Every structure is written in structure tokens, then in C-alpha cells.
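Taken together, the values in this text are just the output of simple stated rules run on the coordinates, not laboratory data. Nothing here was measured: the structure is a model prediction, and the numbers come from that model. No Cβ is skipped: glycine too gets one built from the backbone with ideal geometry, and neighbour counts run over all protein chains shown.
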Amino acid sequence: MEYEHVLVDRDGPVGVVTLNRPRVLNALSPALIVELSDALARFDADPEVRAVVLTGGPRVFAAGADIGDMSERSPVDQLQRDQTGRWGVITRFSKPLIAAVNGYALGGGCELAMMCDLIVAGDSARFGQPEIDLGIIPGAGGTQRWPRTVGKYVAMEVNLGGAPIAARRAHQLGLVNRVVPAEVTIDVAKALALRLAAKPPVAVRLAKEAVNRALETPLSEGLAAERQSFYFLFATEDQKEGMRAFLEKRRAQFRGR
Ligand code: COA
């Protein structure tokens, strides 16, 4: 598939997807979402790729859903396009997915960043849900992921008030992992991805699944599922390799088996 709205690159085991509609601040049109989903599905299926960075480039992450495309649509149009349902590829992505955010991450752009596993923010980053000022509410997780991440009161402020919050406050609130100078956001995210790419892939996948499950299930269920994955990992070659390497005082070579 030839892409028009995203750029795809690979640097060793790290895939990079860059949203690429700079003239409209990477507004998330249906076509962009289809391409993004396709690019991520390919990286998910490629055993050479072990972690992925998702970015909007040096200036902006994404200023939300494409308002020009949405303004005159009916509920039935929206249902039939199921734009937000298409995010499933991203939320099901099995490898570490790191958002590298510079500038605005608004509306669907903010929701997209929150679908990732880690967020590296440039000091220029602004996270927000301005949908309220358009007469709507977030439709891809904004009202659900904010409270799970930062608690009810900041979530209310962001979703009802519409004003974005800056990178440093986002960091204090636990929404982002690191704040760095905007010039190095993507490099820092890639370096982080490279570190995660060196970890045993099956264990990484199950750890990601387990953490995500914590947000969806009661503790007892989450603990039971975690235990199953823990036992299962003793069937992997990487577990044997990891523990033998420790005992032999050498660096483990993980193969994802
Ligand atoms: N959908 C469609 N086009 C968008 C867009 C969006 N979500 N966000 C920005 N654009 C377009 C603008 O219309 C403008 O196009 P033009 O040059 O043809 O006029 C271009 O991107 C640049 O945006 P502009 O508003 O001129 O930049 P700014 O720096 O003054 O403001 C924002 C930046 C992000 C504050 C402002 O663009 C904005 O509020 N965007 C909408 C955010 C939003 O409500 N998102 C949720 C959508 S559900």
C-alpha cells in the first residue's frame, strides 16, 4: 500500500510512523487513519520490528479529527464510517508503541497519544480535548483515558473546559513519561524504543497485555491472568536464556521464542 498521509521508516528493530498532513496540523482524516492502521498492522506482523515510535514530526503531533470532513455529517454517516472503531488496530497493537509528541496533541490527536504505551513529550507539547468548543465530546477515549490516567478532577477540567495542558504539567500528572527539548523528542523516543526492542519480545508482549488489563478488570481477575502469563513464560526459550545468562554473568540474547 502506498501511503499519502503517513511516512513509514525503520531503523533496525524500531519502526517509525510519522503523521504527515502538515498543512492541516496532521488533522486525522479517515484516509490518514486507514493508512496509520495499515502501517501499524504491518509493523505488528513483522518479526524484525520490536518497538514502534508514532510521531507527528518536529512541530505538531495532531490537531484532532478533521473538522472540515466532519462538520456536516449525520449520526448515521458517523456510525457507518465508524472512524473511532478503526482505532482498534492501535489499541490491539502487540509491541511497545511510543508516542513522540511535539506541539499540539488535541482531540483525536491527544486520544491517539493516550492509546500508546509511553509518551515522550517535547517541551512544546500541549495535550487537550477541545471538542467541547465544537459542540461535541471526545469519541475515541478522551473521557475514559483521562480519568484513568490523571483522576476525575483534571479529567473534568480538560473535557469540560477544553483548554490544553502543557508538557510539564502533563508530566507532573503522570500523563507523559518524559519531557525533553522539542528538538530531541523523536530521538529520545527512538532510543527508548531501541532499549525496549532488546527485551525478550514474548515477555514484553505479555507485560503490555497485563498492564492494559489492569485498567479493564477487577484486581482478582487481573492477578489471575498475570499469574497465567507468568507461568506461560517458563515455556519460552527466552526465559531459559535470560536466567542462564544472569547466572553465567553474560548478556542475554533474546530471540522471541
Ligand atoms: N481539522 C481540520 N483542519 C484543521 C484542524 C482540524 N482539527 N486543526 C487545524 N486545522 C487547519 C486549520 O484550519 C488551518 O488551515 P488553513 O491554513 O487552511 O486555514 C491549518 O490547519 C493551520 O491551523 P491554524 O488554526 O491556522 O493554526 P494555529 O496555530 O492558529 O492554531 C490550533 C492551532 C490547533 C489551536 C487550531 O488549529 C485549532 O484549534 N484546531 C482545532 C483543534 C480541535 O478542535 N480539535 C478537535 C477536533 S474534534
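Observations on the structure shown:
- In the chain, inverting the average of 1/r over every pair of distinct C-alpha atoms gives 19.1 Å as the Kirkwood radius.
- Over all pairs of different C-alpha atoms, region 132-257 has a mean inverse distance whose reciprocal, the Kirkwood radius, equals 18.0 Å.
- Potential lengthening between Ser220 and Leu160 on full extension [0.36 nm per residue; Cα-Cα distance subtracted]: 18.3 nm
- Rg(Cα) / (2.2 N^0.38 Å) computed for region 74-124, rounded to two decimals: 1.35
- Ordering 27-37, 173-183 by mean Cβ neighbour count within 10 Å, with the highest value first, yields 27-37, 173-183.
- Sequence-distant lysines (8 or more away, or on other chains) whose Cα lies within less than 23 Å of Lys240: Lys95, Lys199, Lys208, Lys249
- Integer Hz, Karplus 6.51/-1.76/1.60 couplings in order for region 57-74, x for Gly and Pro: x, x, 9, 8, 7, 6, 8, x, 4, 6, 5, x, 6, 9, 4, 9, 7, 9
- Across region 1-139, the volume of the C-alpha convex hull divided among the residues equals 105 Å³ per residue.
- Ser94/Ser74 FRET efficiency (R0 25 Å; Cβ-Cβ; nearest 0.05): 0.10
- Under the Debye formula (equal points on every Cα, no solvent term), log10 I(q)/I(0) of region 24-98 at q = 0.21 Å⁻¹: -1.00
- Computed lengthening from Ala45 to Tyr3, 0.36 nm per intervening residue step minus Cα-Cα distance: 13.3 nm
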